[in-house]
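The values are calculated or read from the model by the stated rules, or taken from the named source; none is laboratory data. Note that the structure is a prediction, hence the values are computed from the model and not measured. Cβ coordinates were reconstructed from backbone atoms using ideal geometry, including for glycine residues, and neighbour counts include every protein chain displayed. Heavy atoms of the whole protein, side chains included, go into the accessibility calculation; ligands, DNA and RNA do not. Shrake-Rupley method; radii C 1.70, N 1.55, O 1.52, S 1.80 Å.
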Amino acid sequence: PEYAGTPYEVELGLLGRQVTQHRQNEVPFRRGPLVPDTPSRVFFPQTGHALALGFKTYWEAHGGLAIFGYPISEEFQERNPSDGATYTIQYFERARFEYHPANPAPYTVELGLLGTQLAGSITTPAMPTIQVSAGSSPITIGPDQTALVPPGSVDLAISVLYPQPVDQQPEIRLSQPAGRAAWQFAPDARNTRTRFAYNFRLRAAPNSSSYFQVEVIRGTMNAALFFGIQVGSSVANLPSLVADWTDPVALVTSFYNAVNRKEYLRAYSYWDSPGNANAVSASFDDFIRGYAGTAAVQVATGAVQSGAGAGNIYYAVPVALAATQIDGSIRRFYGCYLLHGINVDIENTRPPYPISIRAAHIFAAPANARSAALLDQAAAFVQANKCTE
């Protein structure tokens, strides 16, 4: 999106580099010495490789540098994983050229099926599961989910179950709001590690947090595992729990689900920088008072705009809100939420850390305004890149 309105708004991924990232020490991929250009051969000092003859002709005729990128290997013989035959090939940043002499012109040079090759190499690993027991019945959740335990729970037995052997003792970190007594590791229970599981117990003190997050770190080479614990409310007829950190729309929905369930600690935890500009108050008590007259909030979201930079990824989520007050009246708002997360590699399907809310721009609207019209205004605000200000 940073190139909107230019020919570079849609670009091709660096599939050639991805599929060869572990082959840089092989002879065809090593940088060669500078050689003079000729009409049939050109050398690229940027990567230390040359392009010649039929591959050079195809490269120049079909988009050149903008489409294929620089050559990242020399020509060499390689078995094609698609059909098992061996061809003369050459890798580029975004492509693999293959010479098929049996084909009629102009099909003697073809592009390798790098997309198919990469997609076939990506497998979804089995995910750990978490069992949280507050009494006799365990609650099973996955990473990035929240376990809803019974009201009044003060003693939790937690087992993190891995699909592969646990090779080292994990480190457990608890993230809890300030101003509340902290949950602690039970002093009379020894944390244990079995071949496929890690078990520990947590115990509450009076006035402990009703919500907290758990981070399990199993060595530097394994992604951290996150999940939440929510102690249930005794209030009847609450909406079902929605608690998701990893998807921008789901996170905004989870925030208002927490507000509607009166789980204000959980709602507050979704913000990464309380007290900053356009963020919630640094005072949790002030945050609660802001919803003192609110009975429930309905939220509608529009198309999410995202952008990455400096190792981070940002999501701008347009919203239209209808806040029903305790007296039955409805107040309407529109605007956007700016969400933040750690940037991830293109082949990853989920971020290694939860995303969080960084800022919000919310504006009051007439009580008779239509939700669709407000959402259009919110989308225009986002498209004008004002959500990141």
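Any residue in the stretch 20-36 that is over 20 Å from Arg94 (Cβ atoms) and hydrophobic (A, V, I, L, M, F, W, C) sitting within a Cβ distance under 6 Å of a residue that is surrounded by 12 or more Cβ atoms within 10 Å (Cβ to Cβ) and at pLDDT 85 or above? List the pairs, counting only those 6 or more apart or interchain. Cβ pairs passing all conditions: Val35/Phe43. Within the set Gln168, Gln230, Gln184, Gln164, the sole residue that is of a type outside the set (A, V, I, L, M) and in contact with a Gly (Cβ under 7 Å, 6 or more places away or on another chain) turns out to be Gln168. Residues that are in contact (Cβ under 8 Å) with a residue 12 or more places away in the chain and either in contact with a Pro (Cβ under 9 Å, 6 or more places away or on another chain) or more than 17 Å from Arg79 (Cα to Cα) (or both) within the stretch 98-114 comprise Thr108, Gly112, Leu113, listed in sequence order. So which residues in the stretch 258-286 are within 21 Å of Val299 (Cα to Cα), hydrophobic (A, V, I, L, M, F, W, C) and in contact with a Leu (Cβ under 9 Å, 6 or more places away or on another chain), if there are any at all? The one that is within 21 Å of Val299 (Cα to Cα), hydrophobic (A, V, I, L, M, F, W, C) and in contact with a Leu (Cβ under 9 Å, 6 or more places away or on another chain): Ala258.
Out of the stretch 130-144, which residues are loosely packed, with under 14 Cβ neighbours inside 10 Å and over 27 Å from Ile355 (Cα atoms)?
Hits for the stretch 130-144 are Gly135, Ser136, Ser137.
Within the stretch 365-380, take every residue that is open to solvent by 40 Å² or more (accessible area, probe 1.4 Å) and not polar (S, T, N, Q) and give me the one that is farthest from Glu2 (Cα to Cα). Applying the filter and picking the extreme gives Ala367.
Among the residues making up the stretch 247-262, a single one is closer than 13 Å to Ile355 by Cβ and either of a type in the set (Phe, Trp, Tyr) or in contact with a helix residue (DSSP H, G or I) (Cβ under 6 Å, 6 or more places away or on another chain) (or both): Phe255. There is at least one residue in the stretch 2-22 that is touching a Lys or Arg at 6+ places or on another chain (Cβ under 8 Å) and small (Gly, Ala, Ser).
One line per residue, one yes/no per condition, for (1) at pLDDT 90 or above; (2) on the phi < 0 side of the Ramachandran plot:
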| site | (1), (2) |
| --- | --- |
| Gly311 | no, no |
| Ile326 | yes, yes |
| Arg350 | no, yes |
| Tyr353 | no, yes |
| Leu374 | yes, yes |
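The single condition among (1) under 30 Å from Ser306 (Cβ atoms); (2) among the polar types (S, T, N, Q); (3) open to solvent by 70 Å² or more (accessible area, probe 1.4 Å) that Thr20 does not meet is (3).
Inspect all residues belonging to the stretch 5-13 and state whether any of them is surrounded by 10 or more Cβ atoms within 10 Å (Cβ to Cβ) and out of contact with any Phe, Trp or Tyr (no Cβ under 9 Å at 6 or more places or on another chain).
Residues of the stretch 5-13 surrounded by 10 or more Cβ atoms within 10 Å (Cβ to Cβ): 8-9, 11-13.
Right, trim to out of contact with any Phe, Trp or Tyr (no Cβ under 9 Å at 6 or more places or on another chain) and you get 8, 13.
Checked against the condition, which is being surrounded by 10 or more Cβ atoms within 10 Å (Cβ to Cβ) and out of contact with any Phe, Trp or Tyr (no Cβ under 9 Å at 6 or more places or on another chain), the stretch 5-13 yields at least one hit.
Counting only residues that are open to solvent by less than 80 Å² (accessible area, probe 1.4 Å), under 30 Å from Leu238 (Cβ atoms), over 26 Å from the mean Cα position of the chain (by Cα) and touching a residue at least 40 places away in the same chain (Cβ under 8 Å), the stretch 155-182 holds 5 of them. Just one of (1) surrounded by 15 or more Cβ atoms within 10 Å (Cβ to Cβ); (2) in contact with a Phe, Trp or Tyr (Cβ under 9 Å, 6 or more places away or on another chain) fails for Phe43. It is (2).
Which of the residues that make up the stretch 220-236 are assigned to a strand (DSSP E or B) and among the β-branched types (Val, Ile, Thr)?
First, the residues of the stretch 220-236 that are assigned to a strand (DSSP E or B): 225-231.
Within the stretch 220-236, Ile229, Val231 meet the criteria.
Among residues of the stretch 23-37 being over 36 Å from the mean Cα position of the chain (by Cα) and open to solvent by 70 Å² or more (accessible area, probe 1.4 Å), the one that is farthest from Lys56 (Cα to Cα) is Val27.
Would you mind finding the one in Thr88, Thr57 that is among the polar types (S, T, N, Q), in contact with a Phe, Trp or Tyr (Cβ under 6 Å, 6 or more places away or on another chain) and surrounded by fewer than 17 Cβ atoms within 10 Å (Cβ to Cβ)? First the steps, then the outcome.
Numbers: Thr57 fails: in contact with a Phe, Trp or Tyr (Cβ under 6 Å, 6 or more places away or on another chain).
Selected residue: Thr88, the only one of Thr88, Thr57 that is among the polar types (S, T, N, Q), in contact with a Phe, Trp or Tyr (Cβ under 6 Å, 6 or more places away or on another chain) and surrounded by fewer than 17 Cβ atoms within 10 Å (Cβ to Cβ).
Does the stretch 200-219 contain any residue that is touching a residue at least 60 places away in the same chain (Cβ under 8 Å), part of a loop (DSSP other than H, G, I, E, B) and open to solvent by less than 30 Å² (accessible area, probe 1.4 Å)? No: zero hits.
Right, Ala147: open to solvent by less than 50 Å² (accessible area, probe 1.4 Å), under 26 Å from the mean Cα position of the chain (by Cα) and under 30 Å from Asn257 (Cβ atoms) or not? Judged against the criteria, Ala147 is a match.
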